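A quick write-up on the structure given underneath.
Please treat every number below as a calculation from the coordinates, not as lab data. This is a predicted model, so every value here is computed, not measured. Reconstructed Cβ throughout: ideal geometry from the backbone, glycine too, with neighbour counts over all protein chains shown.
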Amino acid sequence: MIRSAIVALGLALADLAGADERLTVCHGYGCLVQEEVGYTDGQLGEIRRLMFAAGDAAGERQRLALAVGQLYAWAGQQSDIRHDKGGNYADEGVSGRMDCIDHSTTTTRLLRLLEARGYLRWHRVLEPTVRAVATVLFVHRSAVIETKDDAAESFAVDSWFVDNGQPAVILPLAEWKKGAGPDV
């Protein structure tokens, strides 16, 4: 068991050492645990091609949902977030589980990575936002993007709803603030 843990650690460090871009993901509820993951130029090239295939803002959001899911999947190969399930209850007690604070923080970091590389042509990244639906007892957070045009429409980019590696849910921010999203 110790030997397999040492081998796994060695492989993770080798992956990170070969990374061309590093990013910190958080989990453990409230970003209690911070882990650095790496993405290779090849992986980021796949994301660039995916994003640049978009012909407009709506297409960019569709591809962005896929890109965020893929970036989470690759991060999950290097960290415990691979165990994360949508919502807060399907993964109770497992290492790597993520609440909406973890997701909104990590997704914003992923979006800023894409923005810094010029992969977002029709959107800009904003700070995460909060909603309280029906009662202040249920507060939820999400990453946010906004269109770069004069209309400046805002959208929630919410990976909390889905299992690790699945496409993020992207909804108009006004609908998300009213409680829209998959039932988890």
All but one of (1) out of contact with any helix residue (DSSP H, G or I) (no Cβ under 8 Å at 6 or more places or on another chain); (2) within 17 Å of V169 (Cβ to Cβ) hold for Y72; state the number of the condition that does not hold. (1)
From L71, L50, L44, which residue is closer than 20 Å to L23 by Cβ and within 14 Å of the chain's Cα centre (by Cα)? L71
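For every residue, the table says whether it meets (1) surrounded by fewer than 19 Cβ atoms within 10 Å (Cβ to Cβ); (2) more than 12 Å from the chain's Cα centre (by Cα).
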position	(1), (2)
R61	no, yes
L64	no, no
S79	no, yes
N88	yes, yes
G96	no, yes
L110	no, no
R117	yes, yes
V125	no, yes
Would you confirm whether or not the range 31-44 contains a residue that is surrounded by fewer than 18 Cβ atoms within 10 Å (Cβ to Cβ), of a type in the set (D, E), in contact (Cβ under 8 Å) with a residue 60 or more places away in the chain and over 14 Å from V169 (Cα atoms)? no
Restricting the search to the range 78-115, which residues are of a type in the set (D, E, K, R), over 25 Å from E46 (Cβ atoms) and in contact with a helix residue (DSSP H, G or I) (Cβ under 9 Å, 6 or more places away or on another chain)? D91, R97
